[in-house]
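The values are calculated or read from the model by the stated rules, or taken from the named source; none is laboratory data. Computed from a predicted structure; not experimentally measured. For neighbour counting, all protein chains shown are included, and Cβ atoms are generated from backbone atoms with ideal geometry for every residue, glycine included.
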Amino acid sequence: MLMMFMLPLNYCDALHQCALHLGGWERYPCGHRDTPHVWSALTVWPHGVLVRHGKLLYRALGIHNVAIPGDSHHGRFFFMFESPLRLINWMATVLLLLVIYQLFMVTRSHSWHQLLSVSGLLIFNYLTIYRVFRDRWALQVVIRERTGT
């Protein structure tokens, strides 16, 4: 429930927009000696371009790439927020596992106070799951309209 209030949809969308503007890089396995571009912090690199940073080659993943190639923080941020549904899917999965575990605990409870406490938690978690899935479906519709599919 805490993640639902700590990461609302507008904040997830803002992080997604930041990840799109930051871009990402992947290490290119084949090392060409004649790379036409040397990475510069003053350049916005387009999608698919090969650059040399240090002694390694990197290929641009995002539409606009201003991230530092090989920087693990930039790569992790791009991975987490490149798709706005990724974080919401993780939240939904964790919540579903929690509800399944709580249902299991209801079947194993032997006294009335255990049954009442777990049932109370289940009611709140049902509400949270409803909100997470409602946000996920709304975001999925928005993404379909943006991409035109």
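Do we find that Ile100 is exposed (fewer than 14 other Cβ atoms within 10 Å of the Cβ), modelled with pLDDT of 90 or more and not aromatic (Phe, Trp, Tyr) in this structure? Answer is yes for this residue. Can you tell me how many residues within the stretch 32-55 are outside any loop (DSSP other than H, G, I, E, B) and closer than 16 Å to Leu20 by Cα? Looking only at that region, the number is 2. Could you please let me know if Tyr58 is without any contact (Cβ under 8 Å) to a residue 60 or more places away in the chain, assigned to a strand (DSSP E or B) and among the hydroxyl-bearing types (Ser, Thr, Tyr)? So Tyr58 passes the test. State yes or no: is Gln114 more than 29 Å from His16 (Cβ to Cβ), in contact with a Ser or Thr (Cβ under 9 Å, 6 or more places away or on another chain) and not in a loop (DSSP other than H, G, I, E, B)? It is false that Gln114 is more than 29 Å from His16 (Cβ to Cβ), in contact with a Ser or Thr (Cβ under 9 Å, 6 or more places away or on another chain) and not in a loop (DSSP other than H, G, I, E, B).
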